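Engineer: Let me begin by handing over the structure; questions about it come next.
The values are calculated or read from the model by the stated rules, or taken from the named source; none is laboratory data. Given the structure is predicted, the values throughout are model-derived calculations rather than measurements. Glycine gets a Cβ as well: all are built from the backbone with ideal geometry, and neighbour counts include every protein chain shown. To get the accessible areas, we keep the full protein, side chains included, count just its heavy atoms, and leave off ligands, DNA and RNA. Shrake-Rupley method; radii C 1.70, N 1.55, O 1.52, S 1.80 Å.
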Amino acid sequence: MTRKFFGTDGVRGRANTYPMTAEMALKIGAAAGRYFRNDGSNGHRVVIGKDTRLSGYMFENALTAGLTSTGMNVLLLGPVPTPAVGLLTTSMRADLGIMISASHNPHHDNGIKFFGPDGFKLSDEAEAEIETLIASEIEPVQAQNIGRAQRIDDGRFRYAERIKSTFPAGMRLDGLKVVIDCANGAAHRVAPEVLWELGAKVIPIGVSPDGFNINDCCGSTNTDAAAAKIKETGAHVGISLDGDADRVMILDETGVVSDGDQLMALMAGRWADRGRLNGGTLVATVMSNLGLERHLTARGLRLERTGVGDRYVVAAMRANGWNLGGEQSGHIVMTDYATTGDGLLAGLQFLTAMIETGQPASALTRQFETVPQMLKNVRFAAGQDPLGADRVKRSIADAEAKLVGCGRLLIRKSGTEPLIRVMAECEDDALLAQVVEGIVAEVEAAV
């Protein structure tokens, strides 16, 4: 079954523009409620979390209306990180978890992510069935069976305690000065609290959300503010989260940023040394740098690649019993602890490595030499199919031929925005620029 509304991470788009309207959110809520309440019995639960976007209030209310109309009882968590929804879905014995967030996107976007009763994101098949229900007439329950909604005030604290339980017993962060950038998003309270409770000297930024400033010149996709704060304060390390705190970038004591590939390389090596890396395998996407693959191979470890999206990384991990995976963009998934990417959890793993090795952040964030990589995005309008143009196809085929034996090429549509992503890797910088810019020019000419 194909999916019309769902992308790589739920339903996403510009708030108050189809399909991210209150009307659609109500229909999505009713469809999800019908799907998870298909046995007709009472007592079904759904937990809903959100980030700090202004439109979150609208979608929270619309989803609640749709869900309760089908008899689902709704537990509202308020602003919490995405991984907290996965955790609390299982711990509160809910049938469904929903996170209202567009992750690293600007405030005017929003999205709806779904988690099953096991705390993991829904499969493509489940999402396709919900889409079928969205298009159908969903009969509401009788008046006496309408669901209830209530606020859960301690969701943030439950998540904080779970996160701290992953940190080595007896270890403290005393003497460690940490810049934490919360992107004015969902972790703006819980992340600084956790680090402070573990003993760090915390320097928080991006902790004053106003509904509009989420991911605005801050967070994992814009680390300049964190780098400047590190230099200003002499901090030992920086942790930059995105708007819903499911991804992270680590900055060293000089303000230099390292991506998810370097963090995964560090963790995979440390876990392998301790016999913790299941199957000697790290799972990452096709976007991860070729240098990561070479680094792991040299250590006798294996890189398993998947399609782009942490849900596909997790699917491969669960199918094969692997316990570490992630994305270059900073989603780090540790199924020993969590059901989805968790930026704060990954940050704590890095701080653990700093304490146990006694090494500075700069020594730990340079695990391998990256192969030069270039990524460019081309925006296209609704209804356009630039990748179907003959001139684009010829350009791609020509680039692939030039990269044989010395690099690789990846062309794909974004699952969250109307973008064509053109990525290539090659140790010849001139050739790298030539192939990427050539394809970008042809795609731009086709839109």
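Engineer: Using +1 at the Cβ of each Lys and Arg and -1 at the Cβ of each Asp and Glu in the chain, identify which of I112, L409, T335 lies farthest towards the dipole's positive end.
Structural biologist: Of I112, L409, T335, it is T335.
Engineer: What are the membrane-span-like helices in the chain by this rule: whole DSSP H runs, Cα extent along the axis at least 18 Å, mean Kyte-Doolittle hydropathy at least 0.5? Present the calculation step by step, with values, prior to reporting the outcome.
Structural biologist: Values: long enough: 22-36 (21 Å, 0.53); 55-69 (21 Å, 0.25); 260-273 (19 Å, 0.01); 343-357 (21 Å, 1.25); 390-403 (20 Å, -0.73); 429-446 (26 Å, 1.11).
Once both thresholds are applied, what remains is 22-36, 343-357, 429-446.
Engineer: For the chain, what does the relative contact order come out to in percent, with C-alpha contacts under 8 Å and a separation of six or more?
Structural biologist: On the way: 1009 pairs, mean separation 57.9, N = 447.
About 13 percent, as a whole number.
Engineer: Hey, if you put +1 on the Cβ of every Lys and Arg and -1 on every Asp and Glu Cβ in the chain, which of I134, G243, G219 ends up farthest toward the positive end of that dipole?
Structural biologist: It is I134.
Engineer: While we're on this one: Sequence-distant or interchain residues sharing an amide H contact under 5 Å with I203, placed H: which?
Structural biologist: It is V178, V179, I180, by chain and number.
Engineer: Here's a follow-up. Note down the magnitude of the dipole of the chain about its Cα centre, charges +1 on Lys and Arg C-beta and -1 on Asp and Glu C-beta and zero elsewhere, to the nearest 20 debye.
Structural biologist: 640 debye
Engineer: For V283, list long-range residues whose amide hydrogen, built 1.01 Å from N in the peptide plane, is under 5 Å from its own amide hydrogen.
Structural biologist: Amide H neighbours of V283: E304, L324, G325, G326.
Engineer: Which of the peptides 137-148, 349-360, 263-274 is most tightly packed, and how do the rest follow, going by the mean number of other Cβ atoms within 10 Å of each residue?
Structural biologist: Top of the packing list down: 263-274, 349-360, 137-148.
Engineer: Using a 1.4 Å probe on the protein heavy atoms only, what accessible surface does F212 show? Give it in Å² to the nearest 10.
Structural biologist: F212 exposes around 100 Å² with every protein chain in place.
Engineer: Quick query: amide H of A149 versus all other amide H atoms, modeled in the peptide plane; which residues come in under 5 Å with a sequence gap of 5 or more or a different chain?
Structural biologist: For A149, whose amide H was placed from the backbone, the distant partners under 5 Å are V74.
Engineer: Which value in deg cm²/dmol, rounded to the nearest 500, describes the helix-derived mean residue ellipticity at 222 nm for the chain, given -39,500 (n - 2.57) per DSSP H run of n ≥ 4 and division by the residue count? Kindly include the intermediate steps, with their values, before the conclusion.
Structural biologist: Values: 14 runs with 165 residues, N = 447.
The helix-only estimate for the chain comes to -11500 deg cm²/dmol at 222 nm.
Engineer: Which entries of K4/K113; K201/K229; K27/K376; K393/K413; K4/K27; K164/K231 have Cα-Cα distances beyond 24 Å here? Before the final figure, lay out the partial values.
Structural biologist: On the way: K4/K113 15 Å; K201/K229 14 Å; K27/K376 36 Å; K393/K413 14 Å; K4/K27 14 Å; K164/K231 28 Å.
The answer is K27/K376; K164/K231.
Engineer: Could I ask something else about it? Pick out, from I439, P372, L419, the residue whose Cα sits farthest towards the positive end of the charge dipole of segment 340-447, with +1 on the Cβ of Lys and Arg and -1 on the Cβ of Asp and Glu.
Structural biologist: Positive-end residue among those listed: L419.
Engineer: So what are the ³J(HN,Hα) numbers for segment 411-423, from phi and the Karplus equation (6.51, -1.76, 1.60; θ = phi - 60°), rounded to whole Hz, Gly and Pro as x?
Structural biologist: Running phi through 6.51 cos²θ - 1.76 cosθ + 1.60 with θ = phi - 60° gives 10, 7, 7, 5, x, 10, 9, x, 10, 9, 9, 10, 10 Hz.
Engineer: Calculate how many DSSP beta bridges within the chain are antiparallel, expressed in % of all such bridges and rounded to the nearest 5.
Structural biologist: On the way: 35 of 66 bridges.
Antiparallel bridges: around 55 percent, rounded to the nearest 5.
Engineer: Here's something else I'd like to know. Please report the accessible area of K413 (heavy atoms, 1.4 Å probe, ligands and nucleic acids excluded) in Å², nearest 10.
Structural biologist: The accessible area of K413 comes to roughly 90 Å².
Engineer: Quick one: accessible surface of H104, probe radius 1.4 Å, all protein chains present, in square angstrom to the nearest 10.
Structural biologist: The accessible area comes out at roughly 40 Å².
Engineer: Sort V314, V404 from largest to smallest accessible area, using a 1.4 Å probe on the heavy atoms of the protein chains. Present the calculation step by step, with values, prior to reporting the outcome.
Structural biologist: Details: V314 10, V404 115 Å².
From most accessible down to least: V404, V314.
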